[in-house]
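The values are calculated or read from the model by the stated rules, or taken from the named source; none is laboratory data. What you see is a predicted model; the values in this text were computed from it and never measured. Because the Cβ atoms are built from the backbone with ideal geometry, glycine has one as well, and the counts that use them run over all protein chains shown.
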Amino acid sequence: MYAAKQRLDGRIAFITGAASGIGFCTAEALAEAGARVILSDLNEASLDAAAGALRGKGYPVSSTLLDITDSAACTEIAARMNRDVGSVDILIANAGIAWADTRAEDLDDQAWSKVIDVNLSGAFWSCRAFGRHMLERRRGSIVTVGSMSGFISNKPQSQVHYNASKAGLHHLTRSLAGEWADRGVRVNGVAPTYVNTVMSNVTARDPAYFSPWMEGTPMKRMVEPEEVASVNLFLASDAASAMTGAIILVDAGYTIW
């Protein structure tokens, strides 16, 4: 009974930012649980490689290019996937970016807008586009990938734009959950710490950052993308059927102090 609740047989999942890191691992986790997975990303070569790797393991995955900052593209892709592939039951709104350590007083308009456009607006365009179809069917599960930076102001790096975008994403998640709960669509989120991915490791290679990060982490390590993917699978599945509006910290204990 309980193991069956984490199976996704017969369901279709769409994942943004799926060519690498958390998105790729989540695609594998959902495919392993029986879902038919559609990967999306901006980089065609990376996306093709990711899809090929999963097909090589026998998973029935497909892929499509998508710039989530393009509202019209999100709407068009959602309509096309639901029409041509089948009812998309799960959306993992994973795509996101970080930016170089920049003090707030030195942050230019372009950097602020780019991070907000991807991490917050793009997530909303994705949720709105796929959510509309879920609401019509009165069923669906959406998982947003935020950050512990939506709960805390990180140190030693200065990243007011990133922190604000992830805090906004978490409240977007709760707000959508409240609006859609009685219409059969659940919306939850994860909030990871520093994850062992290319995006985090650009900074983690610098001991000026890594040492303070580990000093503040009770488990004294970064989190692996597979560990976040496992939580995404749980939230997407019927094992979390009574959960909506939850933001689960996957932070190796970082925020308990």
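Read through the list (1) surrounded by fewer than 17 Cβ atoms within 10 Å (Cβ to Cβ); (2) not in a helix (DSSP H, G or I), then give the number of the only condition that N188 fails.
So N188 meets the others, but not (1).
Out of curiosity, is N201 in a helix (DSSP H, G or I), within 20 Å of the chain's Cα centre (by Cα) and at pLDDT below 95?
yes
Kindly provide the set of residues from region 10-33 that are at positive phi, part of a loop (DSSP other than H, G, I, E, B) and surrounded by 15 or more Cβ atoms within 10 Å (Cβ to Cβ), ordered by number.
Restricting attention to region 10-33, the residues satisfying the condition of being at positive phi are 10, 17, 21.
Retained after the next criterion (residues that are part of a loop (DSSP other than H, G, I, E, B)): 10, 17.
G17, the sole residue that qualifies.
Restricting attention to region 58-69, does a residue exist that is in contact with a Gly (Cβ under 7 Å, 6 or more places away or on another chain) and free of Cβ contacts under 8 Å to residues at least 60 places away in the same chain?
yes
Looking at V118, is it buried (at least 17 other Cβ atoms within 10 Å of the Cβ) and not polar (S, T, N, Q)?
yes
Please verify whether S87 is surrounded by fewer than 18 Cβ atoms within 10 Å (Cβ to Cβ), more than 14 Å from C127 (Cα to Cα), of a type in the set (S, T, N, Q) and free of Cβ contacts under 8 Å to residues at least 40 places away in the same chain, treating the condition exactly as stated.
So S87 does not fit the description; no.
Which of the residues that make up region 90-106 are over 18 Å from L30 (Cβ atoms), at pLDDT 95 or above and crowded, with 17+ Cβ neighbours inside 10 Å?
If the condition is that a residue be over 18 Å from L30 (Cβ atoms), at pLDDT 95 or above and crowded, with 17+ Cβ neighbours inside 10 Å, then G96 is the only one that fits.
Can you tell me which of I142, I97 is of a type outside the set (K, R) and in contact with a strand residue (DSSP E or B) (Cβ under 9 Å, 6 or more places away or on another chain)?
After ruling out the rest, the residue left standing is I142.
Go through (1) of a type outside the set (G, A, S); (2) crowded, with 23+ Cβ neighbours inside 10 Å; (3) touching a Gly at 6+ places or on another chain (Cβ under 9 Å) and name the single condition R7 misses.
(2)
Any chance region 153-162 includes a residue that's free of Cβ contacts under 8 Å to residues at least 12 places away in the same chain, crowded, with 19+ Cβ neighbours inside 10 Å, closer than 20 Å to W213 by Cα and out of contact with any strand residue (DSSP E or B) (no Cβ under 6 Å at 6 or more places or on another chain)?
yes
Within region 44-69, count every residue that is among the acidic types (D, E) and exposed (fewer than 14 other Cβ atoms within 10 Å of the Cβ). Quick ask: steps written out before the conclusion?
So in region 44-69, the residues among the acidic types (D, E) come out as 44, 48, 67.
Next cut, exposed (fewer than 14 other Cβ atoms within 10 Å of the Cβ) only: 44.
Summing the residues that are among the acidic types (D, E) and exposed (fewer than 14 other Cβ atoms within 10 Å of the Cβ) in region 44-69 gives 1.
Can you name the condition, by its number, that K155 falls short on among (1) part of a loop (DSSP other than H, G, I, E, B); (2) under 21 Å from S40 (Cα atoms)?
For K155, the failing item is (2).
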